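Colleague: Right, I'll just put the structure down here and ask away after.
Please treat every number below as a calculation from the coordinates, not as lab data. The shown structure was predicted, so the numbers you read here are calculated from the model rather than taken from an experiment.
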């Protein structure tokens, strides 16, 4: 089971990680950050998140490789929201089997609404919104 209101942010850009960590922490979330998929996989297995915000283009292990590896491990599977600068990305939801896609630069209200919605439904120890 996921840890209470824990969100894992995976992005190779330090500024995006720092911004998301600050915003989500201010909203009462416990935030873990990782600079690539391999680091994210280690974190997700030791501190299961309620939701994963995942960039696709990263060194070491990209987002698609992370998704494949994460799904092959046992235990709780958090929903994944893709963060991408690529245009025309609607197909990613079905192709990658993710919960949603947020276009960079993303709208803060839309981001928080999506995070709140997914965490309230997938993290059993968080109060519903």
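Colleague: Under 10 Å, Cα contacts only: if you run a Gaussian network model on the chain, which one of 26, 55, 116 comes out with the highest mean-square fluctuation?
Modeller: Its mean-square fluctuation being the largest, the pick is 26.
Colleague: A further question on this structure: Evaluate the relative contact order of the chain (contact order divided by residue number), counting alpha-carbon pairs under 8 angstrom at least 6 apart; express in whole percent.
Modeller: Numbers: 226 pairs, mean separation 33.3, N = 129.
Value for the chain: 26 percent.
Colleague: Pull out a ≥ b ≥ c, the square roots of the eigenvalues of the alpha-carbon gyration tensor of region 12-85, then state rounded if a/c is under 1.5, prolate if not and a/b is larger than b/c, and oblate in the remaining case. All intermediate terms of the calculation are to be shown ahead of the outcome.
Modeller: On the way: a/c = 1.87, a/b = 1.20, b/c = 1.56.
Oblate, since a/c reaches 1.5 and b/c is not below a/b.
Colleague: When the helix-only estimate is applied to the chain (DSSP H runs of n ≥ 4, each -39,500 (n - 2.57), divided by the residue count), what is the mean residue ellipticity at 222 nm, nearest 500 deg cm²/dmol? Mind dumping the intermediate values first?
Modeller: On the way: 5 runs with 53 residues, N = 129.
When only DSSP H runs of four or more count, the value is -12500 deg cm²/dmol.
Colleague: Here's another thing I want to ask about it. Please build a GNM for the chain, connecting alpha carbons under 10 Å apart, and tell me which residue among 100, 37, 28 fluctuates the most.
Modeller: With Cα springs under 10 Å in the chain, the top fluctuation among 100, 37, 28 is at 28.
Colleague: Same structure, new question: For residue 110 and residue 45 in one chain, what is 0.36 nm times their gap in residues minus the Cα-Cα distance, to one decimal in nm?
Modeller: On the way: separation 65, 0.36 × 65 = 23.40 nm, distance 2.77 nm.
Extra length from residue 110 to residue 45 when fully extended: 20.6 nm.
Colleague: Further question on the same structure: Match the structure shown to one of the listed values (i) 14.4; (ii) 14.9; (iii) 18.4 of Kirkwood radius over Cα pairs in Å, computed from it, and give that label.
Modeller: Evaluating Kirkwood radius over Cα pairs in Å on these atoms matches (i).
Colleague: I'd like the antiparallel share, as a percent to the nearest 5, of DSSP beta bridges with both residues in region 6-122.
Modeller: Numbers: 0 of 17 bridges.
Approximately 0 percent, going by the DSSP bridge assignments.
Colleague: Next question, about the same structure. For region 1-48, rounded, prolate or oblate, judged on the Cα gyration tensor with a ≥ b ≥ c (square roots of eigenvalues), a/c < 1.5 rounded, else prolate if a/b > b/c?
Modeller: Numbers: a/c = 3.74, a/b = 1.04, b/c = 3.61.
Judged from the Cα gyration tensor, region 1-48 comes out oblate (a/c at least 1.5, b/c at or above a/b).
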